[in-house]
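Report on the following structure.
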Amino acid sequence: MPEIDNIAAPERRSDDEPVRYNPAEIEPRWQSRWDADPALYRAEDHAGGKPKFFCVEMLPYPSGALHIGHVRNYTIGDALARFMRMRGFNVLHPMGWDAFGLPAENAALKNGRAPKEWTLSNIAAMKVQMRRIGLSYDWHGTEVASCLPEYYRWNQWFFLRMLEKDLAYRRSSKVNWCNLCATVLANEQVVGGCCWRHEDTPVEQRELEQWFFRITKYADELLDGLDTMPGWPDKVRTMQRNWIGRSYGTEVTFAVADDTALKGTGFSPSVTPPGKEGALAPEGQPSITVFTTRVDTIFGATSIQLAPEHALVKEWAKTDAALAADVDKMVAEQAAAKQTGDFGTIEKHGVSTGKHAINPFTGETLPIWVANYILADYGTGAIMSVPAHDERDYEFATKYGLPIKRVIAPATSGGANDDSGDLALPYIAEDEAVLINSGEWTGEAALEAQEKMGLFAEHKGFGKRTKTFRLKDWGVSRQRYWGTPIPVVYCQNGHEGVPPKGVVPVPDAQLPVLLPDNVAITAENGSPLGRVPEFVNATCPVCGGPARRETDTMDTFVDSSWYFYRYTDAHNNTAPFSSEKANYWFPIDQYIGGVEHAILHLIYSRYWTKVMRDIGLIKNDEPATRLFTQGMVIKDGAKMSKSKGNVVSPDEMIGKFGADATRTYALFAAPPDRDLDWQEDGVAGVSRFLARVYRLTMKYAPVVKAVEHAKGDEIAPSAFAGQTPAGAKLLRTLHQTIAKISEDFSGRWHFNTSIAAVMILVNEIASSEGAMDSGEIAPATIAELFRSLTLLLAPFAPFLTAELWEQMGHTSSINHAAWPVADATLAKDDEIEIPVQVNGKLANVIKVAADADEETIKATALADEKVQQRLADKTIVKTIYVKGKLVNMVVK
C-alpha cells in the first residue's frame, strides 16, 4: 500500500470545472436508497447488549400537510437520534399518527369524503413529506395509526380493564359542550372559556350521561411524582401541579337553622351538625358542608355563601320567586364569565336567602347567602365567609355590610384577645400568627390550631380533616363518529354486576367493536353512530337478548395516552404490546413536543402509565425520563397557523433550497427551546454554506480516499506528529469543534451554536486551501479534517453527508459510522488569554503559554505595559489568581 506521506495534493480545478451542489439531484437519490432498506433505522433486539435510547417526538394529527413548525420539532429529535446511533446506542426512533378526531368529520361535511379515506390519504401524503425531510424513522417496524382496528381494539381492551377496576364509570354530569364540535370537551380542553380547537367558540354547560375515567384516584401520585422528574421542564411541572391543585383542610358541616320546610326532603347528611357547640342537631335537619384550609379562622365566620347551583339553593328557589330570579341571573353570569375565561375577575355580588346556618364551633347563627363567585363543581359548592382574613370575603362583606370579626393576629400582638389597633384587614398570615377571640383555642399558633381544631371536629362528629383536588375525573365520552367505539352494550333485560345495572361489557373475544363505514356525517347533535341501526342494535353477550350498543366514542386523547408503548411492539395481535419489550425500552429517554400539551396529553399519559403498571403490564411509574418542549415558529410576527395565513410549507423550502438546508436552518436560527422567527433569507444562507462544504469536500475527497486506503479505518496519532503550525491550528479547531458539539448534544442542545462552530471550522479550512494544495498541510490532516467534518454535519444534513461519505470512498452507511472523539492533546491551545484586573477593573488581557504556571502568569501580568500604568504610585496589597481565568491585583 502507498505511504500516506507520498499522497499527492489535489490538482486545482479550473474555473470552468465548478463543483456544483445540487440537492434536487442528491437528496431524492439518497432517499430512494434509504427507502429500499427497511432495516436501515431498525433498532436491534433488546437482548443485544447495547445501551438503549428511546427517542419520541409527539405524533401528529394527519391534517394533510406538514408545516415548518412540524419540521422543527421532528428535526430536533432526528438530530438527536442520529447522534445517539453514531455514539453506539441501540436507538428506537418511531413515528405514528394520532388519526382519530373531529377534523375528519368536518372534512366529510365540507368535501363529501369519508373520514377514513380522508385520514389515510393525508397520512400517505405526510409520510412522503417526512421521508423527503430525511427523518430517520423505522417506518417498517414501528408505525402506528390510531384509526385502524389493530390499534383501537386495545383502546377498548384498556377500557374494559378500567371498568373491572372501577376506574371507568358512567354518570349524569354537567359537561362542557362545544357547538361547533357538537360534542363534549374535557375540563382540560377548555381554554379561556372556549374550545381548544375553536378558540373563538364559547363552551356551554349541558347535563348528559357520560363515561369517565377515575383519574382522581391517582391524583396524589400524579402530584407527588412530579418531584421525581427532574428531566421535565419546571414550567410543565408547575402547570401540572396547579392543575391537580391539592389542598389540605377540614370539611365542616353547618346545620341549617329552623328550616322545617326541608326536613324529610332528602337533604339530610349522614352526619348531622350540632345545634349548639359540640352537640349534634336533630335527625333530618338539612345541612351545608364546607371545605376550608383555614379552620383556625372559623370563629371569624360571619356568613355562609352557596353557589347558585347548589342543591339547597335549587330547593329554596322552588318556593321563592325572587330568589329564583336572582339565582338565574347569577348562573347566566357564571356561564358568561367561563366563556370569556375571566371568572377570576367577575364582579362579586350575591343575595341573601333569608336562611341561617349554625356554626358548630360557636353555636352562633350565620346568614346564608348565594354568591356569584362560588362554583357548584369546585369543592363542595359552599364556603364559610371569614372577611377579616380572606381578601375575597372581605370585599363581599364590605359591599353588603356583613360583620367583620378578627380572630387571627400577629404573634407579637398585645394579648390573646387583643383585637385593637390599626392592623390592616384582611390579615391572611398563617406563619407567626396566633388565634384571638377563638374560645379555648385563643393564643394557639395558627398552624397548630388547624390540626387541633380539625381533630376536634372529627371527634365531635361534625367534620373531618381531608384534602381536595382541582383535578376532576376525565370525561371520555364524545358524541361523534370518528373515534374509538366504547365497548359496552345496554341490555334491555338488565344485569347486575361490576358496571351499573344494564351495562354489559363486550367480551374481549368480540373486540374490536368496529366502526361502520356506511355512516352519514351530518351537523345534527348526537353521535352519528346512533343513526346506524346495524351498529346500534346488538345482542347481549350475557343473556342473548336484545341490547343497544353505546354510540358515544372515546376522547381522542385516549389514543395518544399510550401510543408510544405500542411502538415497541407495533404488530402484536395478541396484546397491546409485549411487557418484556416495553420494560426494556421504557421509560422514554427523550420525549419532545409542545408545552401546550402540559395539562392534556402529558397528564393523561402519566395516568395511563400508572394504570398499566397496576394491571401488571409494565414496571415504570412515568412514561418519560426527559421531556423537551420546543419553541414556536414565528412568521410575520405571529405563530404559524392556517387561520393567520402565515404557514410556510416545507415543500416550498425544499424545492428552493433542499431538505438539508431547510432542516439545518430550523436548528441553526435559534436555540430549540426558544421561538424561531422564520426567515427565507436565512435558509438561503445555510444553503450557500452547505454548497461550500460540498465544494471543499469534493475537492479533497481523493486525498481522503487515498489516505483511508493506505491506513485502514483509523489514522494513528503518530500521523499528526510534527505538524506545521497551519496543520496544528486546523486540527486544534477541529477537535475543539468535536468537543463542543458532543457537549451540546449531551447537554442543553445548543444546536445553533453547534452549527455555528462547524461554520467557523469550514471558514478556517477554506482559508487554508493554499496550504493544503501546496503540501504544507499533510494528507493525514486533510483526511482527518474532512472525515470528521462530514460526521459532525451528519445529524443535521443527512443527505449531503451521505453523499460526501460515499465520495470519500466509504462503502458502509454514515448512519452507522462512529461519532468522532475529541483528542484533548490536539484540541489544546498553545496560548490562552488571561484578563488582568486592578482593584476589580480590567486593565488588559495578556497571552501566555497554555501550560504556564501561576508564577509565570503573575509575572507576565505585572510586566504588562498597560498594567504598569494602572499601578503607578500604588502599592500592591495582594494578587489574586483564578487558575486559567483571571489575575486581580489589589492595590492602595
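Residues of the range 665-701 that are under 23 Å from the mean Cα position of the chain (by Cα) and of a type in the set (A, V, I, L, M): Ala666, Leu667, Ala669, Ala670, Leu676. Of all residues in the range 848-879, how many are part of a strand (DSSP E or B) and loosely packed, with under 12 Cβ neighbours inside 10 Å? The total comes to 2. Checked against the criterion of being among the β-branched types (Val, Ile, Thr), assigned to a strand (DSSP E or B) and either under 18 Å from Gln156 (Cβ atoms) or within 36 Å of the chain's Cα centre (by Cα) (or both), the candidates Val519, Val504 yield just one match: Val504. Candidates Tyr563, Tyr584: the one that is within 28 Å of Asn111 (Cβ to Cβ), touching a residue at least 24 places away in the same chain (Cβ under 8 Å) and outside the structural domain of Pro487 (by TED's automatic domain parsing) is Tyr563. Scanning the range 445-467 for residues that are surrounded by 19 or more Cβ atoms within 10 Å (Cβ to Cβ), in contact with a Phe, Trp or Tyr (Cβ under 7 Å, 6 or more places away or on another chain) and in a loop (DSSP other than H, G, I, E, B) turns up nothing. Given the criteria modelled with pLDDT under 60 and at positive phi, does Gly284 qualify? No, not satisfied.
For the range 570-580, the criterion of being outside any loop (DSSP other than H, G, I, E, B) and either among the hydrophobic types (A, V, I, L, M, F, W, C) or under 15 Å from the mean Cα position of the chain (by Cα) (or both) is met by no residue.
Conditions (1) surrounded by 21 or more Cβ atoms within 10 Å (Cβ to Cβ); (2) outside any helix (DSSP H, G or I); (3) touching a residue at least 60 places away in the same chain (Cβ under 8 Å), marked per residue:
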position: Ile741; (1), (2), (3): yes, no, no
position: Asn752; (1), (2), (3): no, no, yes
position: Ile755; (1), (2), (3): yes, no, yes
position: Asn763; (1), (2), (3): no, no, no
position: Thr781; (1), (2), (3): yes, no, yes
position: Phe786; (1), (2), (3): yes, no, yes
position: Leu789; (1), (2), (3): yes, no, yes
position: Phe799; (1), (2), (3): yes, no, yes
position: Ala802; (1), (2), (3): yes, no, yes
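Here Pro795 meets each of (1) surrounded by 17 or more Cβ atoms within 10 Å (Cβ to Cβ); (2) touching a strand residue (DSSP E or B) at 6+ places or on another chain (Cβ under 7 Å); (3) not polar (S, T, N, Q) with one exception, condition (2).
Checked against (1) at pLDDT 80 or above; (2) surrounded by fewer than 16 Cβ atoms within 10 Å (Cβ to Cβ), Cys194 passes all but a single condition, namely (2). The residues of the range 547-567 that are part of a strand (DSSP E or B) and not β-branched (Val, Ile, Thr), listed by number, are Ala547, Arg548, Arg549, Met554. Within the range 201-257, restricting attention to residues that are in a loop (DSSP other than H, G, I, E, B) and not β-branched (Val, Ile, Thr), the residue that is nearest to Glu164 (Cα to Cα) is Arg214. Screening the candidates Thr662, Thr629 for the property of being of a type in the set (Val, Ile, Thr), buried (at least 17 other Cβ atoms within 10 Å of the Cβ) and touching a strand residue (DSSP E or B) at 6+ places or on another chain (Cβ under 8 Å) yields one hit, Thr629.
Here the range 572-599 is the region considered, the condition is being hydrophobic (A, V, I, L, M, F, W, C) and surrounded by 19 or more Cβ atoms within 10 Å (Cβ to Cβ), and the residue that is farthest from Ala81 (Cα to Cα) is Ile599. Of all residue pairs spaced 6 or more apart or on separate chains, those with beta-carbon atoms under 6 Å, a first member in the range 135-147 that is in the same structural domain as Thr75 (by TED's automatic domain parsing) and farther than 10 Å from His571 by Cα and a second member that is of a type in the set (A, V, I, L, M) and assigned to a loop (DSSP other than H, G, I, E, B) are Tyr137/Met95; Ala145/Ala99; Ser146/Ala99; Cys147/Ala99.
Between Thr539, Thr553, Thr568, the distinction of being in contact with a strand residue (DSSP E or B) (Cβ under 9 Å, 6 or more places away or on another chain), crowded, with 22+ Cβ neighbours inside 10 Å, farther than 21 Å from Leu92 by Cα and of a type in the set (S, T, N, Q) belongs to Thr553 only. Within the range 808-836, if we keep just the residues that are of a type in the set (Gly, Ala, Ser) and not in a loop (DSSP other than H, G, I, E, B), the residue that is surrounded by the most Cβ atoms within 10 Å (Cβ to Cβ) turns out to be Ala827. The numbered conditions (1) surrounded by 14 or more Cβ atoms within 10 Å (Cβ to Cβ); (2) under 30 Å from Trp97 (Cβ atoms); (3) modelled with pLDDT of 95 or more; (4) not aliphatic (A, V, I, L, M) are all true for Pro507 except (1). Yes or no: the range 100-115 includes at least one residue that is free of Cβ contacts under 8 Å to residues at least 60 places away in the same chain and assigned to a loop (DSSP other than H, G, I, E, B). Looking for residues that are free of Cβ contacts under 8 Å to residues at least 60 places away in the same chain and assigned to a loop (DSSP other than H, G, I, E, B), one finds at least one in the range 100-115, hence yes. Buried (at least 19 other Cβ atoms within 10 Å of the Cβ) and not polar (S, T, N, Q), is that true of Lys610? In short, yes.
The values are calculated or read from the model by the stated rules, or taken from the named source; none is laboratory data. Just so it is clear, the model here is predicted, and its values are computed rather than measured. Every residue, glycine as well, gets a Cβ built from its backbone with ideal geometry; the counts of neighbours run over all protein chains shown.
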